[in-house]
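Read the structure below first, then the notes.
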Amino acid sequence: MKGEPLARQRRHTIYFLEEIAGFAPVFLDTEVDMTRVREHRGAAKEAGRRYGVVSYVLHSAARVLARHPQANAAIHGRARPRIAEYDDVNGKVTFDKTIEGQRAVLSTVLTSLQRAELDDIQRQIEHFRDGNPETMPEFEALRKLQKLPPWLARFLFHRATRPLGSRQTRMGTFAVTSLGHRAVDGFQSVGGTAVTFGVGRVLDRPVVRDGRVTIAPVMRLSLAFDHRVIDGAEAADVLTETKEALESVPPFAPPLAAAVPSGASTSASTSTSASASISASTSAAAPTAASAPAARVREG
């Protein structure tokens, strides 16, 4: 049987998997009572706003990681490993897209999520979810990468993603990937970051409250962590605190409409390109030193 060459639209996935081959992943999982999230989503929908589950996970996890700087980090090197802890919490999100008829996984990095509001996160996700990767300027570097000879594309990919100084804008400082739109209860994924959250579907399941069995919406949430960067106790703290944040989402409160000066444009409030950057799996060009957020590097 004669094999077919790998579609060039998926080559970046191979380069990414080669880059993370040195990871030492350990896997955790938990169940999240999504009652508060469901109530918030329902009230928001009545007010004309829609939020996806991934937006809630990004919003909650980013605030948790801001309290755990050792988990908001990356590692490089073997003989003398160096670890960088980042000031900003940048979340990598994956999307199932089609490029020239070929199905492929693309991703983007949403920056400074520790300060982002839920509306901002949802707006950015919708921008990339609904956009056409064949024309979006954010994916121009990927399109160029796919047209290069594999040996050159692989070299440029690794050169762009490996340095600790640019890792947080290329790979993110944590990752969230979801298969919850299908019949997937839970799964584990390594997203190239110190911690990666895997989001399963939300199903009504029996739970115990105050000694009584009742039905509640439950989601399986997994966490894969790189044991070279953090240990299991801290990873367990991150997963538990993210679970607790999702289970204590406050009731939806419509924001007060901000006054817009006469003649002023409102386009800035709907723009996403300035606040999201393409991750390692979708870009080949390294950011300038001036654009890289602060990082603290320590020797291993």
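Here the condition is being surrounded by fewer than 21 Cβ atoms within 10 Å (Cβ to Cβ), among the hydrophobic types (A, V, I, L, M, F, W, C) and closer than 21 Å to GLN9 by Cα; of LEU156, LEU145, LEU164, LEU203, it holds for LEU156 alone.
The set of residues in region 1-33 that are farther than 30 Å from LYS144 by Cβ and either in contact with a helix residue (DSSP H, G or I) (Cβ under 7 Å, 6 or more places away or on another chain) or polar (S, T, N, Q) (or both) comprises VAL26, LEU28, THR30, VAL32, ASP33. Going through region 81-116 one residue at a time, which ones are among the charged types (D, E, K, R) and touching a residue at least 40 places away in the same chain (Cβ under 8 Å)? Of everything in region 81-116, those that are among the charged types (D, E, K, R) and touching a residue at least 40 places away in the same chain (Cβ under 8 Å) turn out to be ARG82, GLU85, ASP87, ASP88, LYS92, GLU100.
Results for (1) within 30 Å of ALA216 (Cα to Cα); (2) in contact with a His (Cβ under 9 Å, 6 or more places away or on another chain); (3) surrounded by 16 or more Cβ atoms within 10 Å (Cβ to Cβ), shown as yes or no for each residue.
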| site | (1), (2), (3) |
| --- | --- |
| LEU17 | no, no, no |
| ALA43 | yes, no, no |
| ARG63 | yes, no, yes |
| ARG82 | no, yes, no |
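Annotation note: Cβ proximity below 9 Å between a residue of region 236-252 that is under 13 Å from MET34 (Cβ atoms) and modelled with pLDDT of 95 or more and a residue that is of a type in the set (Phe, Trp, Tyr) and part of a helix (DSSP H, G or I) (sequence gap 6+ or interchain) occurs for ALA245/TYR56; LEU246/TYR56; VAL249/TYR56.
Among the residues making up region 186-205, those that are at pLDDT 95 or above and farther than 30 Å from ARG159 by Cβ are VAL199, GLY200, ARG201, VAL202, LEU203, ASP204, ARG205.
Please enumerate the residues belonging to region 84-118 that are in contact with a Pro (Cβ under 9 Å, 6 or more places away or on another chain) and surrounded by 15 or more Cβ atoms within 10 Å (Cβ to Cβ). Give the steps one after another, and end with the answer.
First pass over region 84-118, keeping only residues in contact with a Pro (Cβ under 9 Å, 6 or more places away or on another chain): 85-88, 90, 95, 97-99, 104, 106, 111-112, 117.
Scanning region 84-118 gives GLU85, TYR86, ASP87, ASP88, ASN90, PHE95, LYS97, ILE99, ALA104, LEU106, THR111, SER112.
VAL57 meets all of the listed conditions (1) under 17 Å from THR240 (Cβ atoms); (2) in contact with a helix residue (DSSP H, G or I) (Cβ under 8 Å, 6 or more places away or on another chain); (3) not in a helix (DSSP H, G or I); (4) not basic (Lys, Arg) but one, namely (3).
The values are calculated or read from the model by the stated rules, or taken from the named source; none is laboratory data. Bear in mind that the values here come from a model prediction, so they are computed numbers and not experimental data. Cβ: placed from backbone, ideal geometry, glycine included. Neighbour counts: every protein chain shown.
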